[in-house]
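Visitor: Sending over a structure as structure tokens; questions will come in a sec.
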């Protein structure tokens with residue numbers, strides 16, 4: 001009899017974090033360098049003797065933030081989906097649901113890789129605003145001038161986010177042994193409203209506390 005090999009979600013999460021950190025490392029070392037910020041008129045510290053030290057400390061914070069953000073994100077999404085499954089009276093193990101979320105998160109590494117490749121040849125001339133606004137196959141890539149307050153909504157509207165919804169539904173279908181339409185309804189009525197609530201909250205916070213960004 002053929003046995004199903006189950007991967008521990010901890011290993012999947014570690015692989016996701018390691019892959020994400022690798023992309024962050026490549027970005028910091030070859031694109032968003034000290035010279036990049038100086039060329040854009042935004043030196044890291046403003047003190048020549050401390051530029052390298054401050055930049056190294058900033059990178060450490062970025063790596064730590066990346067790990068914390070990734071862990072919080074996958075667990076939060078898993079809990080949101082678990083709530084949706086509860087209301088649909090679909091029983092699954094949280095461990096299995098967490099594994100689905102983690103595996104689906106790998107799709108967001110694709111636009112990050114595409115972004116690095118896109119700017120690799122032009123890293124010596126690209127400006128900070130262009131780098132921040134660019135998100136492969138998203139609405140922000142087609143808008144020439146974006147107010148900072150609307151950057152997140154436009155970047156959220158991307159092909160990979162849409163694919164993520166269907167991947168979540170396919171994963172739920174498999175672990176819950178239900179039909180795809182029902183699994184997709186769980187995603188549409190739990191994860192998607194939570195996502196848009198988060199985007200609206202960020203926009204509201206940005207406009208209220210940073211009115212110059214509007």
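Visitor: Does the range 161-171 contain any residue that is surrounded by fewer than 18 Cβ atoms within 10 Å (Cβ to Cβ), touching a residue at least 12 places away in the same chain (Cβ under 8 Å) and in contact with a strand residue (DSSP E or B) (Cβ under 8 Å, 6 or more places away or on another chain)?
Guide: No.
Visitor: Give the number of residues within the range 89-123 that are surrounded by fewer than 16 Cβ atoms within 10 Å (Cβ to Cβ), outside any helix (DSSP H, G or I) and touching a residue at least 24 places away in the same chain (Cβ under 8 Å).
Guide: Residues that pass the stated criteria total 2.
Visitor: Could you tell me which of the residues 150, 134 is farther than 26 Å from residue 34 by Cα, at pLDDT below 95 and either in contact with a helix residue (DSSP H, G or I) (Cβ under 8 Å, 6 or more places away or on another chain) or surrounded by 13 or more Cβ atoms within 10 Å (Cβ to Cβ) (or both)?
Guide: Numbers: 134 fails: farther than 26 Å from residue 34 by Cα.
Answer to the check: 150.
Visitor: Answer yes or no as to whether residue 78 is surrounded by 15 or more Cβ atoms within 10 Å (Cβ to Cβ), out of contact with any helix residue (DSSP H, G or I) (no Cβ under 9 Å at 6 or more places or on another chain) and assigned to a helix (DSSP H, G or I).
Guide: No.
Visitor: Tell me which of these residue 72 doesn't satisfy, since it passes every other one: (1) surrounded by 13 or more Cβ atoms within 10 Å (Cβ to Cβ); (2) out of contact with any helix residue (DSSP H, G or I) (no Cβ under 9 Å at 6 or more places or on another chain); (3) under 30 Å from residue 182 (Cβ atoms).
Guide: (1)
Let's see how each residue does on (1) at pLDDT 90 or above; (2) farther than 17 Å from residue 132 by Cβ:
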position	(1), (2)
2	no, yes
13	yes, yes
37	no, no
55	no, yes
62	yes, no
65	yes, no
75	yes, yes
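Visitor: What pairs come up if the first residue lies in the range 2-19 and is farther than 15 Å from residue 98 by Cα, the second is assigned to a helix (DSSP H, G or I) and modelled with pLDDT of 90 or more, and their beta carbons are under 7 Å apart, counting only those six or more places apart or on different chains?
Guide: Matching pairs, first to second residue: 19/109.
Visitor: Looking at the range 168-176, is at least one residue touching a helix residue (DSSP H, G or I) at 6+ places or on another chain (Cβ under 8 Å) and in a loop (DSSP other than H, G, I, E, B)?
Guide: No.
The values are calculated or read from the model by the stated rules, or taken from the named source; none is laboratory data. Only a predicted model underlies this, so the values are computations on that prediction, with no experimental measurement involved. Cβ atoms come from the backbone with ideal geometry, glycine included; neighbour counts cover every protein chain shown.
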